[in-house]
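Report on one structure; see the data block that follows.
The values are calculated or read from the model by the stated rules, or taken from the named source; none is laboratory data. Predicted model, so just to flag it, every value in this text is computed and none were measured. For neighbour counting, all protein chains shown are included, and Cβ atoms are generated from backbone atoms with ideal geometry for every residue, glycine included. Side chains are part of the model used for accessible areas, which takes the heavy atoms of the whole protein and leaves out ligands, DNA and RNA. Shrake-Rupley method; radii C 1.70, N 1.55, O 1.52, S 1.80 Å.
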Amino acid sequence: MMDALRIANLIVWGVFMLPFMASGAWSAMSGREMRRGDPMRLACFATGLIICGFNVRGLIAPDDELSRVILYLLSIADGVFIMLLARAYGRGPRV
């Protein structure tokens, strides 16, 4: 059952969400043609990569502690990035 859920997660996050966020994430990273929501798209892209990483790890190497530590560290960095974005965005265009 867990493998089926991991595969479903990989399909939703990796096949559908990551490509949807990719152009905005690239714009935010490169600084070219960046629009207001692109940094948040980068955060969503990073979150998707981390979720895919946890699911792939669970399927391929469930006992690998180093990959678990790396994914948790990336998750912490992503969370800090999202908090900084939330602070920068404030309450949106009204601020």
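Looking at region 54-67, can you tell me whether even one residue there is outside any helix (DSSP H, G or I) and among the basic types (Lys, Arg)? So far as region 54-67 goes, no, none of its residues is outside any helix (DSSP H, G or I) and among the basic types (Lys, Arg). Condition check: under 30 Å from Gly90 (Cα atoms), open to solvent by less than 90 Å² (accessible area, probe 1.4 Å) and free of Cβ contacts under 8 Å to residues at least 24 places away in the same chain. Does Ala43 satisfy that? Considered against the rule, which asks whether it is under 30 Å from Gly90 (Cα atoms), open to solvent by less than 90 Å² (accessible area, probe 1.4 Å) and free of Cβ contacts under 8 Å to residues at least 24 places away in the same chain, Ala43 comes out as no. Applying the condition of being part of a helix (DSSP H, G or I), modelled with pLDDT under 95 and not small (Gly, Ala, Ser) to region 68-92 and asking which residue is surrounded by the fewest Cβ atoms within 10 Å (Cβ to Cβ) yields Arg87. Going by what's in this entry, would Ile60 be described as among the aliphatic types (A, V, I, L, M), open to solvent by 80 Å² or more (accessible area, probe 1.4 Å) and at pLDDT 90 or above? Answer is yes for this residue.
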